Protein chains: 2
Amino acid sequence: MIRYGNNAVVGQSGGPTAAINASLAGVINAAVKSSEIGKVYGMANGAAGFMNERLYDLTSLFDGNDTDLALLTNTPGAALGSCRFKLPKPDEDARFYESLFALLKKYEIGYFFYIGGNDSMDTTAKVSMYAMEHGVDINVIGVPKTVDNDLCGTDHTPGFGSAAKYVATVFAELRRDTAVYTQKCVTIVEVMGRDAGWLTASSALSKTKYTEGADLIYLPELPLSYEKVYKDIERVWESHPDVLIAVSEGVRLADGTYIGADSTNLDKFGHVQLSGAAKVLERRIKDKFGCKVRSVELNTPQRCASHIGSLTDITESFGVGSYAVERALCGETGVMAGIVRKSDEPYETEYKTFDIKSIANMVKSVPSEYINNDGNGITEAGLAYLRPLIVGETKPLYDNGIPMHYIFPKL
Amino acid sequence: MIRYGNNAVVGQSGGPTAAINASLAGVINAAVKSSEIGKVYGMANGAAGFMNERLYDLTSLFDGNDTDLALLTNTPGAALGSCRFKLPKPDEDARFYESLFALLKKYEIGYFFYIGGNDSMDTTAKVSMYAMEHGVDINVIGVPKTVDNDLCGTDHTPGFGSAAKYVATVFAELRRDTAVYTQKCVTIVEVMGRDAGWLTASSALSKTKYTEGADLIYLPELPLSYEKVYKDIERVWESHPDVLIAVSEGVRLADGTYIGADSTNLDKFGHVQLSGAAKVLERRIKDKFGCKVRSVELNTPQRCASHIGSLTDITESFGVGSYAVERALCGETGVMAGIVRKSDEPYETEYKTFDIKSIANMVKSVPSEYINNDGNGITEAGLAYLRPLIVGETKPLYDNGIPMHYIFPKL
């Protein structure tokens, strides 16, 4: 086994979130402070940037600089830059891996951290497998993030809690907005989630002693029937005139077609690009009832609303980053750092690593016991799972009323 | 002159905002504490509800109850309920006014406060005029609110600052989200504002030392040319690949047509209902450049995001409500309470009343000296006007991670 050195490199990949920089800050903090790790590099724009040797010197930027580290922790996006870059299979493109490992050798990398979602865990798996098969002693650890909460293994995914807190807060506020008139009306709010309805389910958290929240919640885990939606709306109207609906962008009809699909529009991983589930429902409901109907697509702010980050989520995201460094120093590789829940109330968790091969390219859906029998709401078991993840408020810093963010200097 | 009594009534009307309840709390607090005012009533659903005698007893609900008053102050929506109800002209429907004044007499109303936008100031004007012409001694005062900031007289409108803070914050956060890739892309964000571009202009506040904010800003005050937009985008690409555009929902072409108009869809006041200015631009820019283009419609959350209320705005909204009561007690009627700015920096204001007839049904647009020569950004004069309005953060209370709101008991 060859060890190239004791430097570390960390990259971010996939869609940005409000918490991925907290995980980055966790990795940087632990790595910079470790006496066993030499230099800490940051990949500009993930693996794609690393291949072009676009690297930040994170040691010089952050060693002893807790002010910027705190700013980075509360900055949305992916501060190092991201990429949508799926690594080839080693047996299909050996030259790619030869170039990659030549660079790892050049920069004397002994620790490789990759923060991202499903595709990034695939990268982590491939790099760690290739290293093991070619006798390279390097600790390759995945650090999860996704607002969709659809990664397997970990109890929940860093980034989800902050997105869920934003969604639940907006539903509580929209409720107050829709409740002002006496006429019958329907408001349909489209929430992110292509295959898993976790974020849409979190709209149920807006039902508290202090607000009524969402009336009807439709997840991609169950097929949608327009006739059923009309009946559900009529039932809600028996108690109040304003109906507030949460619908996942990925909701499908019984025949499997997305209600908001544009099947001609695929991303480079072949995923169907969705748009307009709420718009489609808006038109149908307006045609059916002739009442006032409005659709709201929560869109990108869901994944970058750091101004209302969940303290639980941001703290855990930082913690998972730190833990990844701790496990790398213990010699682990080919694993993803994650969270195990020990108790809902009081909320207790611990960090754990998961074999990356059992996680990559799998999707964790909302289980049926979290969805009510009517298929239009969340059960108490689901609420018990979701509740602790949005607790606590971060305290972002403001400059003249605008949140302050950390921006890396131009390379 | 007949005086019906010394009771007060307050109503809310028009579209809800994040600050209209702060003004309501200001009215309630001052009225309940005044020894000259008897009972304080709240109209459920504005003038329409008052005509059906749907009234809350605000004295019993709030006298000595500062906890609920504080909750109300940070609750979005229109807690009393709102209406879209334009009063007839007195010479066209005398019977309506006879019924209205019979009710004012029945409830011994000496003070009438109406919180709302342009249409509500029209109501205030009509009620006060009718009273004066018919020898009724009642103090009728308008309290302004609108996220659009388009009311005349007052330096700015309660509710605008909080909406502007939300818009500027979301632009700062979207900037971090769009900046993560190296490919050319365009993100178009549609901001509320049918005739006046104040809220869209506030996206310019997201350009600080800590974030780059919006690149291009298009207001309804100037005609839009698609060719000009393409040139503007190409110029931005010379410095960075991600272009962030703010566009008002009310932007028009040179021939006067809304770019996002659906002219078959009118509200009951005859205003054209807009939708999709950003969607139209998205399709055009995608066709022109073939790059990744995304549109985001900020939609209703702009007017109800109390979780990031501007402390300046909420404090002033409460203050304008209190001031309206103070002026009513001094005998004023037929006026709107508002704000006069004495200095930008340090920010200094005072409250003042404005003759309601000079305000109702007028629109205050963004003046040309606030728009840059290229017609795609805001000048330093404009920024100086906008900056103080979003300063300071409110401290909403949270219950298990969800903001707490005040909800009136059912009548």
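In nanometres, what is the gap between the two model label sites at A:LYS342 and A:TYR226, each 7 Å from Cα along Cα-to-Cβ?
Between A:LYS342 and A:TYR226, the label points sit 5.2 nm apart.
Once label points are set 7 Å from the Cα along Cα→Cβ at both A:MET1 and A:GLN183, what is their separation, rounded to one decimal in nm?
The modelled label-to-label distance comes out at 7.1 nm.
How far, in degrees from 0 to 90, does helix B:160-178 lean away from the longest principal axis of the Cα atoms of chain B, to the nearest 10?
Rounded to the nearest ten degrees, it is 20.
Where the label is 7 Å out from Cα toward Cβ, how close does B:ASN6 come to the same position in every other copy, in nm, shortest first?
For B:ASN6, the inter-copy label distances come out at 8.3 nm.
If R₀ is 51 angstrom, what is the calculated FRET efficiency for the pair A:GLU234 and B:HIS134, using the beta carbon separation as r and rounding to 0.05? Mind dumping the intermediate values first?
Details: r = 46 Å, r/R0 = 0.91.
Approximately 0.65, to the nearest 0.05.
Evaluate the Kirkwood expression for the hydrodynamic radius of the protein assembly as shown, namely the inverse of the mean inverse distance over all pairs of different C-alpha atoms, and round to one decimal in Å.
Over the protein assembly as shown, the inverse of the mean reciprocal pair distance is 27.8 Å.
Jot down the radius of gyration and Dmax of the range B:173-230, Cα atoms only, both in angstrom.
12.7, 36
If you average 1/r across every pair of different Cα atoms in the range B:1-62 and take the reciprocal, what Kirkwood value do you get, in Å? List each step's numbers first, then the result.
Details: mean 1/r = 0.0812 Å⁻¹.
Kirkwood hydrodynamic radius for the range B:1-62: 12.3 Å.
Could you tell me the calculated FRET efficiency between B:SER365 and B:LYS292, based on Cβ-Cβ distance and R0 = 25 angstrom, to the nearest 0.05?
Working from the Cβ atoms, E equals 0.15.
So if I take the alpha carbon set of chain A, get Rg, then get Rh from the Kirkwood formula, what is the Rg over Rh ratio? Display every interim value, and only then the final one.
Details: Rg = 22.3 Å, Rh = 22.1 Å.
That ratio equals 1.01.
Treating only the Cβ atoms of Lys and Arg (+1) and Asp and Glu (-1) as charged, compute the dipole magnitude of the protein assembly as shown about its Cα centre; round to the nearest 20 debye.
So the dipole magnitude of the protein assembly as shown works out to roughly 740 debye.
Under the 0.36 nm per residue contour assumption, what length would be gained going from the current alpha-carbon distance of A:THR67 and A:ASP374 to full extension?
Details: separation 307, 0.36 × 307 = 110.52 nm, distance 4.98 nm.
Between A:THR67 and A:ASP374, full extension yields 105.5 nm more.
Based on the Cβ-Cβ distance of B:GLU98 and A:ASP355, what FRET efficiency does E = 1/(1 + (r/R0)^6) give at R0 = 56 Å, to the nearest 0.05?
So, using R0 = 56 Å, E works out to roughly 0.10.
Give me, ordered by chain and number, the residues 5 or more places off B:ILE217 or on other chains with an amide H under 5 Å from its own placed amide H.
Correct list: B:ALA246, B:GLY377.
Among A:VAL236, A:VAL127, A:VAL32, which one moves the most in a GNM of chain A with springs linking Cα atoms closer than 10 Å?
Largest GNM mean-square fluctuation: A:VAL236.
Which pairs, out of A:LYS207/A:LYS279; A:LYS342/A:LYS395; A:LYS364/B:LYS292; B:LYS184/B:LYS231; A:LYS184/A:LYS288; A:LYS126/A:LYS364, put more than 19 Å between their alpha-carbon atoms?
Details: A:LYS207/A:LYS279 24 Å; A:LYS342/A:LYS395 27 Å; A:LYS364/B:LYS292 29 Å; B:LYS184/B:LYS231 15 Å; A:LYS184/A:LYS288 13 Å; A:LYS126/A:LYS364 21 Å.
From the list (A:LYS207/A:LYS279; A:LYS342/A:LYS395; A:LYS364/B:LYS292; B:LYS184/B:LYS231; A:LYS184/A:LYS288; A:LYS126/A:LYS364), the Cα-Cα distance tops 19 Å for A:LYS207/A:LYS279; A:LYS342/A:LYS395; A:LYS364/B:LYS292; A:LYS126/A:LYS364.
Can you tell which of A:GLU98, A:GLU345, A:GLU238 shows the greatest fluctuation in a Gaussian network model of chain A with Cα springs below 10 Å?
Its mean-square fluctuation being the largest, the pick is A:GLU238.
What span do the alpha-carbon atoms of the range A:160-303 cover on each of the three principal axes, reported in whole Å from largest to smallest?
That works out to 46, 35, 21 Å along the principal axes.
Give me the inter-chain shielding for A:301-310: mean count of other chain Cβ atoms within 10 Å, whole number please.
Averaged over the peptide's residues, the number is 5.
Can you tell which of B:LEU72, B:LEU55, B:LEU103 shows the greatest fluctuation in a Gaussian network model of chain B with Cα springs below 10 Å?
Fluctuation is largest for B:LEU103.
Report the far tail of the P(r) of the range B:270-405, meaning the percent of Cα-Cα pairs longer than 28 Å.
Summing the P(r) tail past 28 Å for the range B:270-405 gives 43 percent.
Put a point 7 Å out from Cα along the line to Cβ at B:TYR347; what are the distances to that point in the other copies, in nm, shortest first?
3.3
Where a number appears in this text, it was derived from the coordinates with a stated rule and is not lab data. Bear in mind the structure is a predicted one, so any value in this text is a computation, not a measurement. Backbone-built Cβ (ideal geometry, glycine too); neighbour counts: all protein chains shown.
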